[in-house]
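One structure is given below, encoded as structure tokens.
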Amino acid sequence: MRGNREAKKQAPEAATQAAISELAAQAEKTQEAEIKYNIYKALELAAQMEAENITVERQGGRVTLRGTAKTWAEREAMERAAWVADGVFEVINEIKLAA
């Protein structure tokens, strides 16, 4: 009888933990989308630059930018845009200049 009670008690806890994990994963995806949106929007507003050749990776508050930019100004604008997103504490800019 005692084992059955313990199993019933653990089942809701496991379901709650699974729900929390799912919410955390969704929040992470939302933040990554926000970072990308901020970069693209900043580029649009700055000088109609194209960010199609840029990838954004996020691990926690660390953002890595990769791809190619036409100018140094475009490269720097992309980095500044990444810093705008909430929760970002480090931006690694690996964007190269197009040849």
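The values are calculated or read from the model by the stated rules, or taken from the named source; none is laboratory data. Bear in mind the structure is a predicted one, so any value in this text is a computation, not a measurement. As a convention, Cβ positions derive from the backbone with ideal geometry for all residues, glycine included, and neighbour counts pool all protein chains shown.
Working only within region 49-67, note down all residues that are among the basic types (Lys, Arg) and either at pLDDT 85 or above or loosely packed, with under 14 Cβ neighbours inside 10 Å (or both).
Of the residues in region 49-67, the ones among the basic types (Lys, Arg) are 58, 62, 66.
Scanning region 49-67 gives Arg62, Arg66.
Can you tell me which residues in region 68-99 are acidic (Asp, Glu), at pLDDT below 85 and farther than 19 Å from Thr30 by Cβ?
Residues of region 68-99 that are acidic (Asp, Glu), as a first pass: 74, 76, 79, 86, 90, 94.
Applying the additional criterion that residues be at pLDDT below 85 yields 74, 86.
Result: Glu74, single match.
Can you tell me which residue in region 68-97 is surrounded by the most Cβ atoms within 10 Å (Cβ to Cβ), limited to those that are of a type in the set (A, V, I, L, M) and in contact (Cβ under 8 Å) with a residue 40 or more places away in the chain?
The first filter runs over region 68-97 and keeps only residues of a type in the set (A, V, I, L, M), leaving 69, 73, 77-78, 81-82, 84-85, 88, 91-92, 95, 97.
Then drop every residue that is not in contact (Cβ under 8 Å) with a residue 40 or more places away in the chain, which leaves 81-82, 84-85, 88, 95.
Numbers: Ala81: 26, Ala82: 24, Val84: 14, Ala85: 21, Val88: 18, Ile95: 22.
Residue satisfying both the conditions and the ranking: Ala81.
Could you tell me which numbered condition Ala46 fails, if it satisfies all but one of (1) surrounded by 11 or more Cβ atoms within 10 Å (Cβ to Cβ); (2) at pLDDT 70 or above?
(2)
Out of the residues in region 56-77 meeting the condition of being among the aliphatic types (A, V, I, L, M) and part of a helix (DSSP H, G or I), tell me which one is nearest to the chain's Cα centre (by Cα). Break it down stepwise before answering.
Residues of region 56-77 among the aliphatic types (A, V, I, L, M): 56, 63, 65, 69, 73, 77.
Of the ones still in play, those that are also part of a helix (DSSP H, G or I) are 73, 77.
Details: Ala73: 23, Ala77: 17 Å.
The residue in question is Ala77.
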